[in-house]
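Let me begin by presenting the structure, written as structure tokens, before commenting on it.
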Amino acid sequence: MQKKNILLAVSGGIAAYKAAELTRLLKKQGYAVRVVMTESATRFVTPLTFQALTGHPVHHQLLDVDEENAMGHINLARWAEHLLIAPATANIIAKMSHGLADDLLTTLYLAAECPVSIAPAMNQAMWGKSVTQQNIRSLMECGVQILGPEAGDQACGESGMGRMLEPEKICNILSSSENAALKGKRILISAGPTREAIDPVRFISNRSSGKMGYALAEAAVKLGATVTLVSGPVNLMPLTGVGLVNVESAEQMYNAIAPNAHEYDIYIGAAAVADYRPAEVVQQKIKKQLMQSNIPLTQNKDIIAAVAELPNRPFVVGFAAETDDLEQYARHKMRNKKLDMIAANWVGREQGGFDSDVNALKVFWQGGDETLAMMDKPLLAERLLELIAKRMHEKNTA
Ligand SMILES: Cc1cc2nc3c(=O)[nH]c(=O)nc-3n(C[C@H](O)[C@H](O)[C@H](O)COP(=O)(O)O)c2cc1C
């Protein structure tokens, strides 16, 4: 079967040389490939390389009469069934996220109506800059799929997050996400515990490790989704291809989720959000002698219930961790909070639950349930997401 038309856009980073191998692999997988380059990219690798690999002229100028005659930028945008920008420089990411159109690539991005993926590649400090992270988040909110980057040694001699994914990995993600269960879906996931400050050194928290939420985020990317993960404090590495928003308290988590949830197709509340916080946060460390045995508490806002109340609500999936009467509590929580689905698990048993690498779930929805047996959390996450995709499809087509 003829695969898609891929428009590969190369921007001006040191990883531009990897785009030649990427072109070769995409062609080998059966994609029709055309290449465009930024002016900077042509200083790293010559257009002739890509012309020889694709058998087609390589465009790199917007205001060039010959290039516009050969295949104008609008026609190129129409031809593309997928726009892949690899490598994507910090500069291109910034321009795209602000809607600039001052060169061929950014104009093509605005003109293209097909799915867009980018493989960022840059020095680790450039990647870590908050402005770059904001730009990435805003592209994700526009539905752009972010492939990588990954951590490792960098051309500049430093080491850290910012290396472009290897061409083979990019190819595999593209081709597996074509038939994936969550292809094109936008998913918002919460993970980990929250911390509710008592004073500058003490807090109330819980035993959630975040492993289930992180496994869900990773599996969702594998199944073709664009994922934003809102994470409480955990000891886990950031995930490749997942937009990460770090928060600490339940209030911060609420503010990161509730106003944005309507932009997503699915919301999965896997975080263990504290129900209560100290009514007052004392600004100086409380001396041991003055510590009270009762700390007055105030109730936190219910994040998942707020998402489920939205007029344009996503498909809402909750979690319940129970020590007894699992089904009764889980179904009650689902009805009470108007969830579409709830994944319940036993805690305090020998296997599974908080901080464990394995878990089992019993998943409930109105009129049905399914048991997912004890298995590694990454595999369990994939099974749960497949079930969510199936139920969401049934709900939308009912
Ligand atoms: C040797 C060299 C390597 C560079 N590598 C990168 C890189 O890996 N990622 C990046 O974002 N910018 C990198 N830059 C900076 C970009 O080339 C610069 O921001 C340029 O304006 C990008 O243009 P473009 O986004 O239109 O392709 C590099 C610059 C030089 C001189």
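Considering all different alpha carbon pairs of the chain, the Kirkwood hydrodynamic radius works out to 22.8 Å. Our estimate of slack between GLN328 and GLU370, defined as 0.36 nm per intervening residue step minus the Cα-Cα distance, is 13.6 nm. Listed cross-link partners LYS301/LYS395; LYS129/LYS169; LYS18/LYS222; LYS211/LYS377; LYS222/LYS337; LYS222/LYS362 are compared with a 19 Å cut-off, the Cα-Cα value being larger for LYS301/LYS395; LYS129/LYS169; LYS18/LYS222; LYS222/LYS337; LYS222/LYS362. The label point for ASN91 and the one for THR298, both projected 7 Å from the Cα toward the Cβ, are 4.9 nm apart. Here the simple spin-label model places points 7 Å from the Cα toward Cβ, and for LYS169 and ASN396 these points are separated by 2.9 nm.
Have a look at the DSSP beta bridges in the chain and tell me what percent are antiparallel, nearest 5.
30
Here is the tail figure for segment 186-397: Cα pairs spaced more than 20 Å apart come to 57 percent of all pairs. Using the alpha-carbon positions of segment 260-352, Rg (one decimal) and Dmax (whole number) come out as 17.3, 51 Å. Considering only beta bridges that DSSP places wholly inside segment 5-177, some 20 percent are antiparallel. Across all Cα pairs in segment 148-195, the calculated P(r) in 10 Å bins from zero up to the longest distance comes to 20, 29, 33, 18, 0 percent per bin. When the chain is treated as a GNM with alpha-carbon contacts under 10 Å, the residue of GLN154, GLN145, GLN292 showing the greatest mean-square fluctuation is GLN292.
Per-residue packing, averaged as other Cβ atoms within 10 Å, sorts the ranges 277-290, 98-111 into the order 98-111, 277-290, beginning with the highest. As a rough guide to protection, the peptides 365-371, 54-60, 266-272 ranked by mean Cβ packing within 10 Å, highest first, stand as 266-272, 54-60, 365-371. So in segment 186-397, what percent of DSSP beta bridges are antiparallel if you round to the nearest 5? Roughly 35 percent of the beta bridges in segment 186-397 run antiparallel, per DSSP. Per residue, the convex hull spanned by the Cα atoms of segment 18-90 measures out at 101 cubic angstrom. How many angstrom lie between the C-alpha centres of segment 39-77 and segment 108-173? After rounding, the separation between the Cα centres reads 22 Å.
Sorted ascending by nearby beta carbons within 10 Å, beginning with the fewest, MET161, MET374 become MET374, MET161. Largest first, the three principal axis extents of the alpha carbons in segment 3-145 are 40, 29, 26 Å in whole numbers. Counting other Cβ atoms within 10 Å as a rough exposure proxy, the listed residues VAL227, VAL221 run VAL221, VAL227 from fewest neighbours to most.
FYI, it's all coordinate maths here, none of it is from the lab. Note that the structure is predicted; figures quoted are calculated from it, not measured. Every residue, glycine as well, gets a Cβ built from its backbone with ideal geometry; the counts of neighbours run over all protein chains shown.
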